1. Taking the alpha-carbon distance from B:LYS6 and a cut-off under 17 Å, which aspartates and glutamates remain once sequence neighbours fewer than 8 residues away in the same chain are dropped?
2. Quick one: length gained pulling B:THR28 to B:TYR4 fully straight, 0.36 nm per residue minus the C-alpha distance?
3. What is the set of long-range amide H partners of C:THR137 at a cut-off below 5 Å, with H atoms built 1.01 Å from backbone N?
4. Kindly tabulate the residues in the range A:56-72 with an accessible-area decrease of at least 10 Å² between the chain alone and the assembly of all protein chains, using a probe of 1.4 Å.
5. As a test of the formula, what do you get for chain B when each DSSP H run with n ≥ 4 contributes -39,500 (n - 2.57) and the sum is divided by the residue count, at 222 nm and rounded to the nearest 500 deg cm²/dmol?
6. Compute the accessible area per residue over the range B:2-224, keeping the other protein chains in place, probe 1.4 Å, unit Å².
7. How much accessible area is lost when chains B and C come together, counting both sides, with a 1.4 Å probe, in Å² rounded to the nearest 100?
8. How far, in degrees from 0 to 90, does helix B:51-71 lean away from the longest principal axis of the Cα atoms of chain B, to the nearest 10?
Amino acid sequence: MNRNQIFCSLVTGISFLIGTITLSAQEISEFPGAQLATQGLGRPYWHVFIAYAIAIGIVFFWVVSIGRRLSQIEKKIGN
Amino acid sequence: MRNYLKQIGTILWKDLLVEFRTRERLITMGAFVVLVAILFNYATDWVRVSPEDIASGLVWMTIMFAGLLGVGRTFHLEAEDGAFQGILLSPVPKDAIFLAKALANFVFLYIVALLVVAVFMFFFGLEVSRNFGMLAIVIGLGVLAFVALGTLFTAVSTGTRMGDTLLPVLIFPLLAPVVIYGTGATSQFLAGRPLTEAEGSIKMLAAIALMAFFLGSLLFRFVVED
Amino acid sequence: MSSKKILLAGTVLAMIGLVWLGAVYWMSFFWVSTEVTQGIAQRIMYVHVPAAWTSFLAFGLAALFSAVYLWLRDERLDRAAVSAAEGGMVFATIMLITGPLWGKIAWGTYWTWEPRLTLTLLLWFIFLGYFLVRSSTENPERGKRHAAVVAIIGALDIPFIHLSVIWFRSLHPEPVVIKAEGPTLPGDMLTTLLMSFGAFTVLFLGLFLLRYSFENLRSELDTRSRHASV
């Protein structure tokens with residue numbers, strides 16, 4: 001159980017880290033991306049960030065759901 | 001081998017006899033087909049589209065939905081009075097049961113499918129006389145693939161709490177190729193194109209039907225063993 | 001391998017996969033160069049293509065495990081099949097969401113009947129059926145068998161679906177289909193893509209093992225409670 005709690009918290013931490021990178025990249029993209037973005041089709045590139053955020057979000061969701069199910073069942077078996 | 005065919009024939013004959021005495025499924029499916037055609041009449045702007053343009057899609061969709069209605073009832077009659085246990089306990093091989101059930105479904109659905117074509121001919125002035133033989137073959141192959149998958153998955157869905165509502169979710173994704181090749185060939189016939197153009201579609205339909213029957217008779221035993 | 005070891009291996013692999021995925025995110029945001037014709041939108045490829053690959057791998061594994069399960073009737077195979085199928089659903093969902101987001105920029109429309117996109121959508125529904133059959137069959141033993149049949153037929157139907165959707169498209173050609181991802185990717189894009197393939201695959205394997213050990217524990221709990229009630 002202890003290991004699972006560590007696992008869950010670590011996963012949460014890493015996922016938040018990645019999430020922050022994803023979100024902050026929107027700000028940072030002002031400089032490396034902005035010029036390139038304007039030379040493209042003239043569309044906002046929110047799609048890219050949404051795609052990346054959704055990808056990590058779904059993975060995160062699955063990780064958390066597996067972690068929760070595992071810890072629940074370990075608790076039941078432990079007792 | 002002869003014994004095997006005889007077993008299939010016996011079960012098939014039983015199913016056909018029951019159906020032709022009660023005519024439950026045929027009447028339901030037939031009424032469904034005619035009523036759908038009536039609704040299509042009002043759902044479509046016939047000034048802007050000619051029947052030939054969209055008829056192949058409508059014909060196939062009607063067959064699919066009517067097929068769901070009919071195939072979904074394959075095991076109901078036996079399930080009600082537990083007669084299916086009797087069939088399963090009999091020394092008949094499981095794949096013979098599957099083949100007989102699928103063929104019985106084929107007979108019903110093929111009758112209904114030809115009715116669909118007739119209804120579209122009658123209501124919407126669809127011109128089918130040029131290639132009627134080929135059209136009947138294409139529809140027959142599509143219906144064969146449908147009943148093979150349909151019979152197998154009806155046995156699956158009958159065992160679930162959801163029953164027949166589950167059936168379309170299970171078989172529609174698998175039937176996408178049947179609809180694509182079927183409508184493709186049908187619209188080519190309706191447009192009066194030469195038969196050679198539809199040859200590829202017909203071959204694919206035949207391959208799908210063959211595959212579906214092969215897999216169905218192979219896997220049916222795993223569905224009904226208990 | 002004992003169940004403890006599987007759990008440990010799964011945890012380690014999932015950790016590596018998550019960190020690796022973070023690195024891939026960093027690479028695809030800050031490191032890789034931007035593709036000329038499509039601009040930044042092309043970067044969606046680094047999550048879309050590996051997710052697609054992983055979902056196909058997972059569905060393939062699920063069908064394989066299901067087939068062997070029907071043959072050998074080892075409970076572990078069924079547990080592996082359901083774990084792989086769940087992973088396939090997860091990654092197919094990622095693929096199906098990121099694909100249209102890219103398509104909106106590259107093709108100007110969210111959905112086109114692009115063969116691979118259509119195939120994955122149909123596959124997603126086939127495996128939705130797999131889970132519905134499993135969960136709604138009253139007798140769990142029978143549910144496992146029926147779900148295995150669904151997975152096998154679904155997997156064997158894939159070539160037909162694939163051929164037919166390609167054939168369909170050739171009948172009705174798309175007016176503009178920009179297909180920029182040629183086989184000749186520049187070096188750093190290829191590196192990022194390969195890194196992403198690695199990250200997704202390792203992440204999937206790790207989570208698959210964790211999911212599998214969950215199934216193991218659950219069946220252990222089931223047997224225990226059955227013994228207790230007897």
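1. The reachable aspartates and glutamates, counting only those whose Cα sits under 17 Å from B:LYS6, are B:ASP15, B:ASP95.
2. Working it through step by step, the gained length comes to 5.4 nm.
3. B:ARG161
4. Those residues are A:ILE56, A:ILE58, A:VAL59, A:TRP62, A:VAL63, A:ILE66, A:ARG69, A:LEU70.
5. Theoretical 222 nm ellipticity from helices: -28000 deg cm²/dmol.
6. Heavy-atom accessible area per residue stands at 44 Å².
7. When B and C are taken together, about 2800 Å² of accessible area is lost.
8. 10
The values are calculated or read from the model by the stated rules, or taken from the named source; none is laboratory data. Note that the structure is a prediction, hence the values are computed from the model and not measured. Because the Cβ atoms are built from the backbone with ideal geometry, glycine has one as well, and the counts that use them run over all protein chains shown. Please note that ligands, DNA and RNA were not included when accessible areas were found on the heavy atoms of the full protein model with its side chains. Shrake-Rupley method; radii C 1.70, N 1.55, O 1.52, S 1.80 Å.
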